[in-house]
Amino acid sequence: MNSDRRKQLLALRADDGTELWNVDMEGRVVGSSPTASNGRVLSHRTEDGGPILSALRGTDGTVVWQVAAGPGPSRSKPAVAFDPATDEPFLVVLADGHSVRAFRWDDGEVVWESILEPPLRSQPRAAVVWRPDGSGKSLEDMRIFVTGFADDSDAPPMSVDVVALRASDGAGVWRTRLSAQARDPEPSLAVANGRVFVRLAKSIAALSVVDGALRWQNDGVRNSRLYSTPSGTLLTVDHEGGLVFTIETRAIIARDGRTGETVWELPTSLMPLPESDPEPGVAIGYGVVVFPLNGEIWVFHSFGC
């Protein structure tokens, strides 16, 4: 986790919260938070010389490798791609409004860079990696998704583009354009069960991972400027149950991922604060979902509270 002022990286024990190690990052950590995966902690931050991507050993915070992350500042949270054949991590992916870059897991070498054309006006909070289920799948079948407001003079106002890239080489697969109805907050996405779920200012859309075709769109999302933060909107998917969770005006709402219909609603007086940098929740299996909200942790059953 990032500590106050985002200049230190802390590792805490999961069972009792005691501190394991504390590393001075010597710069402002960008992205919503570090990413922990397969015994490593991935940190994306900005120093005087530009953006830096670091891989640290999860046990003690020792730097495994550190590389220049790209041409300009970005707040993208690192995403990890796993090889379908070996189930081992092989790429670390960062995105900004102009490009998506893939770094080799072992040593941080750049594997490929895909230029987004036309670019995205807003910087993606993170790239999202999708690995198809089933045997016989290869890197050619994996996809990386990013979304943001379209930076295109021919696009209607408040247009949002969702872009799919091939994980093996960054080649473009499809691009779908949606209408956000408002510019605030920024769009975000999650992927599960063969669908890309896109959270817009006043709606949620579900697209096919194969070709980007629209499966459904729910325009009944309740929005509030209280959480119109630079980080974008909040969207979480329960991969096992197929539910889509959002934090809306004084409520956490679960919708059916197949139809977009509301399954249940949990009223709450808490709202993300304007100065906060909120995180999406996480589904941890066995029907349990965790939401961080204004310094509190909400834990509930995904099929009802």
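Values computed for the structure shown
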{"item": "Residues of the stretch 114-150 that turn out to be part of a strand (DSSP E or B) and not polar (S, T, N, Q), as a count", "result": "13"}
{"item": "Residue list for the stretch 164-187, restricted to those being surrounded by fewer than 23 Cβ atoms within 10 Å (Cβ to Cβ) and either basic (Lys, Arg) or touching a residue at least 60 places away in the same chain (Cβ under 8 Å) (or both)", "result": "Arg166, Gly170, Arg175, Arg177, Arg183"}
{"item": "Scope the stretch 56-101; condition polar (S, T, N, Q), more than 16 Å from Trp112 (Cβ to Cβ) and modelled with pLDDT of 90 or more; matching residues", "result": "Thr59, Thr62, Gln66"}
{"item": "Qualifying residues in the stretch 213-227 (those that are surrounded by fewer than 18 Cβ atoms within 10 Å (Cβ to Cβ) and part of a loop (DSSP other than H, G, I, E, B)) - the one modelled with the highest pLDDT", "result": "Ala213"}
{"item": "Selection from the stretch 157-211 of residues that are under 11 Å from Ile144 (Cα atoms), in contact with a Phe, Trp or Tyr (Cβ under 7 Å, 6 or more places away or on another chain) and part of a loop (DSSP other than H, G, I, E, B)", "result": "Asp169, Gly170, Val209"}
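The values are calculated or read from the model by the stated rules, or taken from the named source; none is laboratory data. No experiment lies behind these values; they were computed from the predicted model shown. Here the Cβ is made from the backbone with ideal geometry for all residues, glycine too, and neighbour counts use every protein chain on show.
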